[in-house]
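Comments concern the structure below.
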Amino acid sequence: MRIAAGMTTEFAAALLDVPRTNVPNMESGRSGISPERVRTLAGNYGCPDQQLVDALASMAAEREKGWWEPYRGRLPAGFLDIAEMEWHARRLRIGLSVHLPGILSLEDYALAVFEQGIPRLAKADIDVRVAHRVARRRVLDRADPPHMDLILHEAALRMQFGGAAVARKQLSFLLEASDRDNVRLSVIPFSAGGFPGAGQSVTYAEASVPQLDAVQLDSSHGPEFIDSEMQLRKYRAVLDAMRALALTPAASRDFVHTIINDL
C-alpha cells in the first residue's frame, strides 16, 4: 500500500513517530502493529478501499498466538506460514496430482511422506514435521471452519505412501472428512487426460477480501507463496479447469471407494 502510494519508509516512520527501521518490520510481519496505526497509515496513503483497511485492522487486532507458535524455531518458517494461512482462510481450494492434502494427513501417511526427503532428516526432525502436519487438521474443528474444495487426481489416490494398509486408512479418512458440510471432494480420473497445472500442488486461500488472497505451491526446497493479482488470476483459472474435468462429488466418493477396495 505504501509503495503504491509512492511513499517512503521515512514518511511512514514520521507518521507513527517510530524509528525508520521499524516500518519494514511492521510491513513484513516481523513485529506487530495496532489497528489504529493500520488505519493511520492507510488514511495517509490515500487507500480508498475501506473493506481492505477494515480487514487489515481486524488482523492487527488479533493478539492471541496461533496454535503453530510452539513450533517456531523447531520448523522452517514456511511450515508455520502454511498453518497460519489455512487458519485465517475463508475458503481453501486445493488441487493435487501426487500427494493427498497435508491438512487431512494421518500420522502414518505424513510419516511416510517425510521419510522420502533428501537429504534424509533426523528422526526428531521428522517427528516434529509429522506432529505439525497432523495438528493442521484442527482448523476443521473451529466454530467457523473454512470451506474446503479438494480436487485430487487419480494418481494421488493410488500412490501408496507407507504401503497399502497406510493408503487404505488414509483414503478412508479422506472420505470421512468429505462427509463434512464444508468439505467438497472431487476426483480427476486418468481417463480425463491432460489438464492445466498437472504435476503441481496448488492451495488457493481465499481471505475476507480478495486483495488478501494467496496461493501456496509445494516445492522440494519448501513452500512458495504468491499474492500478485496476475498470478492469483492464473491459479483461479487452473483450479476452475481442474474442477471442470473432475467427477461430481458423489461419483468421486464412489471412485475412492473402488480404489480402497482394490488395495
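Just so you know, all these numbers are worked out from the coordinates, no wet-lab data involved. What you are looking at is a predicted structure, and each value in this text was computed from that prediction instead of being measured. Backbone-built Cβ (ideal geometry, glycine too); neighbour counts: all protein chains shown.
Answer rounded, prolate or oblate for the stretch 169-224, using the Cα gyration tensor with square roots of eigenvalues a ≥ b ≥ c: rounded when a/c is under 1.5, else prolate when a/b is larger than b/c, else oblate.
It is oblate, given that a/c is not under 1.5 and a/b is not larger than b/c.
For helix 50-61, what angle does its Cα long axis make with the longest principal axis of the chain, in degrees from 0 to 90 and rounded to 10?
Taking the Cα atoms of the chain, the angle to 50-61 is about 80 degrees.
Out of these labelled values of semi-axes √(5λ) of the Cα gyration tensor in Å, [x] 29, 20, 19; [y] 42, 24, 18; [z] 37, 21, 16, which was calculated from the coordinates shown here?
[z]
Kindly state, to the nearest 0.05, the FRET efficiency for residue 234 paired with residue 262, given R0 = 30 Å and r defined as their beta-carbon distance.
On the way: r = 35 Å, r/R0 = 1.18.
About 0.25, to the nearest 0.05.
What do you get for the angle between helix 249-262 and the principal long axis of the chain? Use alpha-carbon atoms, 0 to 90 degrees, nearest ten.
With rounding to tens, the tilt is 50 degrees.
Below 8 Å, C-alpha to C-alpha, sequence gap of six or more: please give me the relative contact order for the stretch 18-166 in percent.
So the answer I get is 25 percent.
How would the stretch 2-61 be classified by its alpha-carbon gyration tensor: rounded, prolate or oblate, with rounded meaning a/c under 1.5 and the a/b versus b/c comparison settling the rest?
Judged from the Cα gyration tensor, the stretch 2-61 comes out oblate (a/c at least 1.5, b/c at or above a/b).
Provide the percentage of antiparallel DSSP beta bridges, counting only those with both residues in the chain; round to the nearest 5.
Percentage antiparallel, nearest 5: 50.
Could you work out how far helix 77-88 tilts from the main Cα principal axis of the chain, as a 0 to 90 degree angle to the nearest 10?
Between helix and principal axis, roughly 90 degrees.
Where the centroid of each part is defined by its Cα atoms, how far is the stretch 62-98 from the stretch 144-210 in Å?
Using only Cα atoms, the two centres lie 18 Å from each other.
Work out the FRET efficiency for residue 64 and residue 25 from their Cβ-Cβ distance, taking R0 = 30 Å, and round it to the nearest 0.05.
For R0 = 30 Å, the calculated efficiency reads 0.90.
Which is farthest toward the positive dipole end of the stretch 2-61 among 44, 23, 60, measuring Cα position about the Cα centre, with Cβ charges +1 (Lys, Arg) and -1 (Asp, Glu)?
The residue sitting most towards the positive pole is 23.
Once you have a ≥ b ≥ c as the square roots of the Cα gyration tensor eigenvalues for the stretch 89-209, tell me rounded if a/c is under 1.5, and otherwise prolate or oblate according to whether a/b is larger than b/c. Let's see the in-between values first.
Numbers: a/c = 1.56, a/b = 1.14, b/c = 1.37.
Judged from the Cα gyration tensor, the stretch 89-209 comes out oblate (a/c at least 1.5, b/c at or above a/b).
Given a Förster distance of 51 Å, report the FRET efficiency between residue 118 and residue 15 from their Cβ-Cβ distance, rounded to the nearest 0.05.
Efficiency, from the Cβ-Cβ distance: 0.60.
Can you compute the radius of gyration and Dmax for the stretch 55-136, using only the Cα atoms, both in Å?
14.3, 42
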